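Only one structure is covered here, and it is reproduced in the block below.
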Amino acid sequence: MDKFRDCGDIKKDLRYLYTVQFWVFLVSRNANRGERKSRERERGAMAEDLVLDTAIRDWVLIPLSVVMVLIGVLRYFVSKLMRSAQIPDAKLVKEGQVIVRARNLRAAANFIPPKSFRARRLYYSNEENGLLYVPKGQAPNAQAQMFSDPNMAMDMMKKNLSMIIPQTLTFAWVNFFFSGFVAAKIPFPLTQRFRAMLQNGIDLSTVDVSYVSSRSWYFLNLFGLRGLFSIILGEENATDDTQRMMQMTGFGFDPTKSLGAEKDGLDIVQHDWTMPKFERRAEAVLRKLVR
Amino acid sequence: MVTKSEEDQLNRLEAQVDNAGGGAWEYLCLVRKLKVRRPDKVLKHGLAILNDSKKRSALGTEEWTLCEQVAVAAMDCQSLDVAKDCIKVLRKRFPDSKRVGRLEGMLLEAKGLWAEAEKAYSSFLEDNPFDQVIHKRRVALAKAQGNITTAIECLNKYLDTFMADHDAWRELAEIYISLQMYKQAAFCYEELILSQPTNPLHHLAYADVLYTIGGLENLQAAKKYYASTINLTGGKNRRALFGVCLCTSAIGQLSKGRNKEDKDSPELQLLAVAALEKDYKQRAPGKLPLLTSALKSLRVSS
């Protein structure tokens with residue numbers, strides 16, 4: 001359904017853009033300050049415990065989280081603006097609805113008389129023209145279709161871009177400004193294998209692996225802010241990167257496979273008409289009522 | 001389906017607004033959310049808000065949704081001038097909107113200009129063949145013109161693609177019943193039961209249809225579905241109680257010659273009768289003798 005849009009939305013987006021830029025400027029100015037302070041402390045205390053400057057928390061950890069939240073919100077609005085009206089494919093829509101209907105049949109099969117259930121099951125899984133029956137040749141079409149259909153390819157590329165570019169930019173920015181010092185201490189001990197991943201800006205090999213650089217804080221935020229976004233932006237938001245990544249590997253909505261799965265499920269169902277049981281239960285209900 | 005608490009809230013707000021106690025905007029929002037049909041009240045209070053420029057500016061962007069709601073309510077109450085004004089305002093604000101186009105189509109329908117409305121809807125469907133609301137408006141158009149067969153055709157074609165839409169199945173079932181095509185209506189009600197198995201209304205309607213078709217098997221099935229309705233409503237549905245009594249007596253009549261294989265049917269009927277008598281005693285004691293005599297005539301034949 002198209003929504004009534006007006007310029008207010010674009011103004012909101014511009015406002016967020018300026019806020020982000022302001023923060024970037026402010027934080028990068030102070031990041032260097034924090035970097036210098038922690039280096040001094042580290043040289044002094046090579047022993048077990050490193051005392052980290054509170055300036056790091058104020059000027060590195062918190063601004064980084066705030067910037068990521070703002071960038072996420074900005075991406076959400078940009079993706080809403082850029083989303084072209086998708087013309088749904090006729091076959092896809094119909095298959096989606098068929099699946100819902102078949103699933104309802106499976107779930108509530110015991111509520112309808114056995115004859116009608118059997119008639120419906122035949123209707124769905126009939127060999128020649130059943131709704132759920134997919135001839136073998138058509139099954140691998142989905143992938144080829146994805147690549148050949150220009151609209152779908154453009155859509156996927158747009159979605160990918162909106163996800164990859166901000167991630168890359170933020171990562172590069174973090175690396176440039178916030179590297180070379182210890183940012184935080186992870187509260188549980190880690191093995192040496194994590195050193196390469198979490199401590200890559202710190203060139204001292206004797207520092208405990210629990211002391212990590214800001215890169216790990218960036219990754220922590222990347223995965224952790226998903227919950228926050230679903231509260232602020234509502235359920236459907238474009239910042240759900242991890243979910244989208246999982247979806248991409250499964251090549252998204254593959255109707256033919258789910259149709260086959262539904263058909264198998266339907267074949268398995270044993271019909272057990274619950275109506276006679278209901279008669280007895282109704283008696284009990286009435287007996288209680290009358291008493 | 002509207003839950004009991006929502007219904008209570010709606011009635012409370014309605015009473016409050018009718019007595020000029022404010023809260024008109026909440027009432028209108030609730031009506032819109034629950035999709036209930038209260039055209040006269042919506043028209044009265046909505047127009048009051050729209051005509052008062054202070055309240056109107058307080059709404060901000062919601063003003064346009066209110067305008068749409070008032071336009072539809074005006075068409076329902078046949079005050080077409082109000083509707084035309086609202087739609088003109090909306091069209092000025094959103095010149096290219098399909099939603100406003102839909103409202104204009106509905107206005108043509110309300111005026112009785114069927115051909116123009118049909119043309120408008122077909123052009124919308126050409127642009128977007130998957131607009132569910134426009135499809136349903138076409139069915140409503142055919143039904144209003146009295147072309148029930150066209151309505152059935154359109155609805156069947158719609159359900160071919162969008163088969164998970166239970167409102168459409170219900171509409172189709174009612175149309176079939178009006179044409180006395182009971183077997184098809186039974187099929188539709190089965191679809192409804194499949195999609196919402198815990199809704200007692202569907203069970204009740206299905207039982208009614210089965211009872212009307214007749215035949216021993218159908219009567220037994222109908223009795224079972226009346227029983228399930230009683231189960232789902234906790235015995236409060238009087239129609240189901242009556243249905244049980246009628247079914248039992250009809251089954252008894254049909255199977256008079258054969259051996260009585262029914263397991264414990266007399267109990268159910270007796271219990272239903274007792275429940276009905278208790279209910280009538282509580283609510284309408286004057287009609288109790290009527291009830292007893294009617295039920296006695298049923299029991300005699302069983």
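The values are calculated or read from the model by the stated rules, or taken from the named source; none is laboratory data. Here the structure is a predicted model, which means the values were calculated and not measured. Counting neighbours? That spans all protein chains shown, and the Cβs are built from the backbone with ideal geometry, glycine included.
What's the number of the condition B:Lys223 fails, among (1) over 30 Å from A:Lys288 (Cα atoms); (2) crowded, with 21+ Cβ neighbours inside 10 Å; (3) among the basic types (Lys, Arg)?
So the condition that B:Lys223 fails would be (1).
Quick one: what pairs do we get from the range A:267-291, first residue at the interface with another protein chain (Cβ under 7 Å from one of its Cβ atoms), second not in a helix (DSSP H, G or I), C-beta under 6 Å, 6+ apart or different chains?
Note: pairs meeting the criteria are A:Val285/B:Gly235; A:Leu286/B:Gly235; A:Leu289/B:Gly235.
Got at least one residue in the range B:204-218 being within 17 Å of the chain's Cα centre (by Cα) and among the acidic types (Asp, Glu)?
There is at least one residue in the range B:204-218 that is within 17 Å of the chain's Cα centre (by Cα) and among the acidic types (Asp, Glu).
If we scan the range A:89-106, do we find a residue that is at pLDDT below 75, facing chain B (nearest Cβ under 9 Å) and under 30 Å from A:Ala261 (Cα atoms)?
Looking through the range A:89-106, at least one residue is at pLDDT below 75, facing chain B (nearest Cβ under 9 Å) and under 30 Å from A:Ala261 (Cα atoms).
Which one is farthest from B:Ala48 (Cα to Cα), of the residues in the range B:79-107 that are among the aliphatic types (A, V, I, L, M) and within 12 Å of another protein chain (Cβ to nearest Cβ)?
Here the residue is B:Val100.
Inside the range A:161-195, can you point out the residues that are modelled with pLDDT of 75 or more and polar (S, T, N, Q)?
Those that are modelled with pLDDT of 75 or more and polar (S, T, N, Q): A:Gln167, A:Thr168, A:Thr170, A:Asn175, A:Ser179, A:Thr191, A:Gln192.
Determine if the range B:247-261 includes at least one residue that is touching a helix residue (DSSP H, G or I) at 6+ places or on another chain (Cβ under 7 Å), modelled with pLDDT under 85 and not in a helix (DSSP H, G or I).
yes
For the range A:193-234, give me each residue that is among the acidic types (Asp, Glu) and either without any contact (Cβ under 8 Å) to a residue 60 or more places away in the chain or assigned to a helix (DSSP H, G or I) (or both).
Result: A:Asp203, single match.
Looking at B:Lys236, B:Lys223 in this structure, which one is over 18 Å from the mean Cα position of the chain (by Cα), of a type in the set (Lys, Arg) and assigned to a helix (DSSP H, G or I)?
Of the residues listed, the single one that is over 18 Å from the mean Cα position of the chain (by Cα), of a type in the set (Lys, Arg) and assigned to a helix (DSSP H, G or I) is B:Lys223.
Please state which one of B:Ile87, B:Ile49 is assigned to a helix (DSSP H, G or I) and farther than 26 Å from B:Ala151 by Cβ.
It is B:Ile49.
Within the set of pairs 6 or more residues apart or between chains, which connect a residue that is in contact (Cβ under 8 Å) with a residue 12 or more places away in the chain and closer than 18 Å to B:Glu62 by Cβ inside the range B:75-101 to a residue that is among the small types (Gly, Ala, Ser) and outside any loop (DSSP other than H, G, I, E, B) with Cβ atoms less than 7 Å apart?
B:Cys86/B:Ala71; B:Cys86/B:Ala74; B:Ile87/B:Ala71
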